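What follows is a single structure, written as structure tokens, with notes after it.
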Amino acid sequence: MSNKEQYIHEAYELAKKQYAALGVDVEAAIKKMEEVVVSLHCWQTDDVGGFETPDAELSGGGIQATGNYPGKATNIAEMRADLEKAISLIPGNLRLNLHAIYGDFQGELVDRDQIEPKHFQSWIDWCKEHNLGMDFNASNFSHPKADGGFTLSSKDPEIRAFWVEHLKRCREISAEIGRQLGSPCVHNSWIPDGSKDIPVDRNSHRALLKQSLDEALSIKYDADHMLDAVESKLFGIGAESMTVGSHDFYLGYAIKNNTLICLDNGHFHPTEEVGDKISACLQFVDQLLLHMTRPVRWDSDHVVTLNDDIKLIASEIIRNNFLGRVKLGLDFFDASINRIGAYVVGTRAVQKAFMIAMLEPTEQLVRLEEEGKGFERLAMLEELKSKPFGAVWDYYCLKMGVPAGEDYIQDVQEYEREVLAARSHELV
């Protein structure tokens, strides 16, 4: 055992005693971290480019990555290598979250209304090899048939039919993924549909969206294989004045059709807290999907950090024993820094938030609340902020066989020198 490992063990034993004084079983909390499963979004590796065509460039539809840091993945082999490196530095249980534009098309141009499970078989095999579950997303953006601003809600029946067929095929692919991997694949649908300026006819677009969704979701799949989710948004580039798939629309649709509602904490007004919405939505839907990101003034998809928004999300889930009803996913794409480093920082931040929530003496706090002891509750919450959570986290990382503390920074730097530099002269 190295000196650092010895210090981590010693600090952990002291932390256990401090938390035990509050009635918190630290070892039980670490054990419960096995239930926190985070779905890694593949699009952080290549800035949402995908592999439909060589050197794929986005053609519109509201997706925008900021920055051009050298060394991004340019093919499936590079993407998988980057994912494997990130996974080696992240503790806990993980899944892969894949968009339809990341199919293994073998150089063949396959339009989105023609994709099949065979185009994703190599991804399924890769997940089997790495003992990962897999989630999937229809890619209703960055395509010539999305440039008009409307997809599933388009008033052009040919465009609408194209995207309905795409969604149908994505659901079929998702069901096959879940069947082969023995774990339900969450299929999420988000569309960029909306209006830059103030529209007159909002209703027709929303009626068409409902019609399209009803058609696309008409085939029912085994819930052990596939789960549907629908994702709202407040606004987007080119859809500042009206978003067809608003929160109100999709929450109503999810409740009526018993699908998951996807809550992305970048898709709401800055003063809204997604953590506050979790218990509200779960009164009416069986499960929900979270896309965790860090908006800075708007849906800018910065790397997740251990901020109050993420901590509230984790606290609400743990306090109410919702882990079995909430699917956890990430959704950021920062191209301004090392992309593998972004993965590691963001995912570990989410996991830290859940560990902090598990180290909370919730029963004691609820009792104070119910007794009307507001000062005592506030004081306890404040004192918890300075408890030695970091000592428990470092021990957990050692236990999971990944670098503790800041040690992963050096690993990412070495990968950049040894692997990413070969992709870009800027890093040589």
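The values are calculated or read from the model by the stated rules, or taken from the named source; none is laboratory data. Keep in mind that what you see is a predicted model, and the values were worked out from it rather than measured. A quick note on method: Cβ atoms are made from the backbone with ideal geometry, for glycine too, and the neighbour counts reach across all protein chains shown.
Go through the stretch 212-258 and give me each residue that's touching a strand residue (DSSP E or B) at 6+ places or on another chain (Cβ under 8 Å), assigned to a loop (DSSP other than H, G, I, E, B) and under 18 Å from Val274 (Cβ atoms).
Matches in the stretch 212-258: Ser232, Lys233, Leu234, Phe235, Gly245.
As an exercise: evaluate Ser386 against (1) under 29 Å from the mean Cα position of the chain (by Cα); (2) without any contact (Cβ under 8 Å) to a residue 60 or more places away in the chain; (3) not in a loop (DSSP other than H, G, I, E, B) and give the number of the one condition it does not meet.
(3)
Taking the stretch 28-42 on its own, how many of its residues are surrounded by 13 or more Cβ atoms within 10 Å (Cβ to Cβ) and either modelled with pLDDT under 95 or more than 30 Å from Gly107 (Cβ to Cβ) (or both)?
Counting residues in the stretch 28-42 that are surrounded by 13 or more Cβ atoms within 10 Å (Cβ to Cβ) and either modelled with pLDDT under 95 or more than 30 Å from Gly107 (Cβ to Cβ) (or both) gives 8.
Tell me yes or no: at least one residue of the stretch 299-317 is in contact with a strand residue (DSSP E or B) (Cβ under 8 Å, 6 or more places away or on another chain), in contact (Cβ under 8 Å) with a residue 24 or more places away in the chain, among the charged types (D, E, K, R) and buried (at least 24 other Cβ atoms within 10 Å of the Cβ).
yes
If the requirement is being more than 28 Å from the chain's Cα centre (by Cα) and at negative phi, which of these qualifies: Glu406, Glu371?
Of the residues listed, the single one that is more than 28 Å from the chain's Cα centre (by Cα) and at negative phi is Glu371.
What number of residues within the stretch 141-171 are outside any helix (DSSP H, G or I) and either more than 24 Å from the chain's Cα centre (by Cα) or crowded, with 24+ Cβ neighbours inside 10 Å (or both)?
Of the residues in the stretch 141-171, 10 are outside any helix (DSSP H, G or I) and either more than 24 Å from the chain's Cα centre (by Cα) or crowded, with 24+ Cβ neighbours inside 10 Å (or both).
Can you tell which of Asp228, Asp248 is acidic (Asp, Glu), out of contact with any Cys (no Cβ under 7 Å at 6 or more places or on another chain) and under 22 Å from Ser139 (Cβ atoms)?
Just a single option satisfies the conditions, and that option is Asp228.
Give just the number: which of (1) more than 24 Å from Trp163 (Cβ to Cβ); (2) in a loop (DSSP other than H, G, I, E, B); (3) at pLDDT 95 or above does Trp126 not satisfy?
(2)
Return the only residue of Gly329, Gly401 being under 23 Å from Leu263 (Cα atoms) and outside any helix (DSSP H, G or I).
Criteria check complete, one pass: Gly329.
The rows are residues; the columns are (1) surrounded by 19 or more Cβ atoms within 10 Å (Cβ to Cβ); (2) touching a residue at least 40 places away in the same chain (Cβ under 8 Å); (3) among the aromatic types (Phe, Trp, Tyr); (4) in contact with a Leu (Cβ under 7 Å, 6 or more places away or on another chain).
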| site | (1), (2), (3), (4) |
| --- | --- |
| Ala342 | yes, yes, no, no |
| Gln351 | yes, yes, no, no |
| Met355 | yes, yes, no, no |
| Glu376 | no, no, no, yes |
| Met400 | no, yes, no, no |
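Answer yes or no as to whether Asp201 is closer than 26 Å to Ala146 by Cα, acidic (Asp, Glu) and without any contact (Cβ under 8 Å) to a residue 40 or more places away in the chain.
So Asp201 passes the test.
Of all residues in the stretch 1-57, which are in a loop (DSSP other than H, G, I, E, B), farther than 30 Å from Thr293 by Cβ and small (Gly, Ala, Ser)?
Within the stretch 1-57, Ser2, Ala21, Gly23 meet the criteria.
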